[in-house]
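**Q** Submitted below is the structure of interest, expressed as structure tokens.
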Ligand code: CTP
């Protein structure tokens with residue numbers, strides 16, 4: 001059997017980028033031989049094994065054919081007679097379809113190296129269409145390598161458009177899509193991810209609400225995303241920034257954000273922050289003019305007593321949004337001050353006065369409201 005390094009490890013070494021995980025392909029071996037050598041079979045779908053010591057993934061060279069719609073619709077053929085070239089041709093991009101042998105020699109039958117040099121993301125063959133997830137992968141690679149000058153080849157973009165139009169993207173599971181979306185939003189140019197999906201018509205299928213938003217205010221949303229990356233914000237900030245104005249679209253409301261989040265099986269921290277931002281960016285912008293009772297309601301909804309970080313995350317989204325508009329977010333100091341005022345109200349002091357149960361709750365609310373009134377008076381003086 002011959003063993004080759006493949007995929008991202010070869011690509012990133014040639015690009016001079018750090019290699020995090022290594023995938024291997026094995027040519028000329030059967031499942032039985034792999035097991036006899038101590039490899040542990042994993043993965044119900046494909047003949048993939050874990051190395052007994054390194055734990056790295058070794059896959060038997062295989063050919064794949066699509067037999068139906070969706071991710072389940074694959075038949076694969078793995079046997080000792082499948083060649084390295086046959087294995088590589090079914091891969092997504094030419095830059096991902098190179099192999100490296102034990103001597104470090106690169107095997108590059110489909111022009112991956114030339115495309116690396118020319119900074120082109122190009123599909124290897126029509127087999128690209130066998131996995132619609134590749135539309136998201138290409139957009140993710142475009143986001144990652146945009147700072148190096150990479151662009152999607154025209155004919156690859158056309159193929160992505162055909163896939164988007166075919167309805168295949170709707171067959172992707174929410175889990176697989178979110179994995180790509182969340183990784184892509186954390187890349188150096190998340191704006192390029194979104195604009196690439198948009199250019200091929202995939203955004204309309206995957207995140208129609210965001211697509212509609214881009215029709216209204218595209219440049220701003222992309223600018224915000226890029227700033228999120230420049231400031232190295234975490235995923236919930238990026239997700240909430242992307243969805244910030246979805247609820248403001250005609251015919252939409254805060255339920256639109258909830259529906260989108262549930263449909264996409266978006267993790268809780270991203271769901272919560274995007275909802276808070278969608279619901280409260282308007283009232284918070286007018287914070288200094290709000291009656292203290294309304295402001296108290298908002299702070300309670302943020303749960304500033306137990307989870308003060310949520311307000312800080314909200315403020316970061318608003319700050320970046322304001323910066324993208326060429327201004328700042330003066331409400332930050334006011335909202336932080338108001339939060340401090342209500343957090344400084346000590347339940348213990350009221351309990352010492354004999355309040356308990358429902359009466360304690362009422363006394364706390366009244367004391368917090370009073371604290372906010374005092375804060376507002378002093379702040380505006
Ligand atoms: N691959 C593919 N089509 C997919 C997923 C993977 O053709 N839908 C192939 C590509 O050759 C890819 C390799 O499998 O290089 C390994 O896939 P994966 O580990 O998901 O990605 P990497 O290319 O290693 O990229 P990353 O740096 O994002 O992990």
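**Q** How about segment 8-21: which of its residues are touching a helix residue (DSSP H, G or I) at 6+ places or on another chain (Cβ under 6 Å) and either part of a strand (DSSP E or B) or at pLDDT 95 or above (or both)?
**A** Within segment 8-21, 11, 14 qualify.
**Q** Please work out which one of (1) at pLDDT 95 or above; (2) out of contact with any helix residue (DSSP H, G or I) (no Cβ under 7 Å at 6 or more places or on another chain) is the condition residue 130 fails and give its number.
**A** Looking at each condition in turn, residue 130 falls short on (1).
**Q** Here's something else I'd like to know. I'd like the full set of residues that are within 11 Å of the ligand (Cβ to nearest atom) and part of a loop (DSSP other than H, G, I, E, B), limited to segment 22-32.
**A** Listed by number, the list holds a single entry, 22.
**Q** Taking segment 88-112 only, how many residues are crowded, with 19+ Cβ neighbours inside 10 Å and assigned to a helix (DSSP H, G or I)?
**A** Count: 5.
**Q** While we're on this one: Being within 16 Å of the ligand (Cβ to nearest atom) and part of a loop (DSSP other than H, G, I, E, B) is the filter here, so list the residues in segment 38-54 that pass it.
**A** Matches in segment 38-54: 43, 45, 46, 47, 51, 54.
**Q** Next question. Identify the single condition in (1) touching a strand residue (DSSP E or B) at 6+ places or on another chain (Cβ under 8 Å); (2) modelled with pLDDT under 95; (3) away from the ligand (no atom under 13 Å from the Cβ) that residue 76 does not satisfy, given that it satisfies every other one.
**A** Looking at each condition in turn, residue 76 falls short on (3).
**Q** Working only within segment 112-126, note down all residues that are out of contact with any strand residue (DSSP E or B) (no Cβ under 9 Å at 6 or more places or on another chain) and away from the ligand (no atom under 14 Å from the Cβ).
**A** Result: 117, 118.
**Q** Is it fair to say residue 170 is over 16 Å from residue 242 (Cα atoms) and part of a helix (DSSP H, G or I)?
**A** Here the answer is yes, as residue 170 does meet what is asked.
**Q** In segment 196-254, which residues are at positive phi and either without any contact (Cβ under 8 Å) to a residue 40 or more places away in the chain or under 18 Å from the mean Cα position of the chain (by Cα) (or both)?
**A** 232, 251
**Q** Please count how many residues of segment 24-34 are more than 17 Å from residue 6 (Cα to Cα) and in contact (Cβ under 8 Å) with a residue 12 or more places away in the chain.
**A** Qualifying residue count for the region: 4.
**Q** Now a separate question. Return yes or no: is residue 134 in contact with a strand residue (DSSP E or B) (Cβ under 9 Å, 6 or more places away or on another chain) and in a helix (DSSP H, G or I)?
**A** For residue 134, the condition - in contact with a strand residue (DSSP E or B) (Cβ under 9 Å, 6 or more places away or on another chain) and in a helix (DSSP H, G or I) - is met.
**Q** Out of all the residues in segment 300-337, which are within 28 Å of the chain's Cα centre (by Cα), in contact (Cβ under 8 Å) with a residue 24 or more places away in the chain and surrounded by 18 or more Cβ atoms within 10 Å (Cβ to Cβ)?
**A** Matches in segment 300-337: 302, 304, 310, 311, 313, 314, 316, 317, 318, 320, 321, 324.
**Q** Follow-up. Which numbered condition in (1) surrounded by fewer than 14 Cβ atoms within 10 Å (Cβ to Cβ); (2) in a loop (DSSP other than H, G, I, E, B); (3) away from the ligand (no atom under 16 Å from the Cβ) is the only one that residue 35 fails?
**A** (2)
**Q** Next up: In segment 140-158, what residues are touching a strand residue (DSSP E or B) at 6+ places or on another chain (Cβ under 8 Å) and either part of a helix (DSSP H, G or I) or within 11 Å of the ligand (Cβ to nearest atom) (or both)?
**A** Hits for segment 140-158 are 141, 142, 145, 155, 156.
**Q** Given 346, 381, which one is at pLDDT below 95, surrounded by 11 or more Cβ atoms within 10 Å (Cβ to Cβ) and over 30 Å from residue 246 (Cα atoms)?
**A** 346
**Q** Can I ask one more? Being farther than 19 Å from residue 87 by Cβ and within 16 Å of the ligand (Cβ to nearest atom): is that true of residue 18 here?
**A** So residue 18 fits the description; yes.
**Q** Moving on to the next point. From the list 371, 367, 341, 359, pick out the single residue that is part of a helix (DSSP H, G or I), surrounded by fewer than 13 Cβ atoms within 10 Å (Cβ to Cβ) and at negative phi.
**A** 359
The values are calculated or read from the model by the stated rules, or taken from the named source; none is laboratory data. Keep in mind that what you see is a predicted model, and the values were worked out from it rather than measured. Here Cβ is always computed from backbone atoms with ideal geometry, including for glycine, and neighbour counts include all displayed protein chains.
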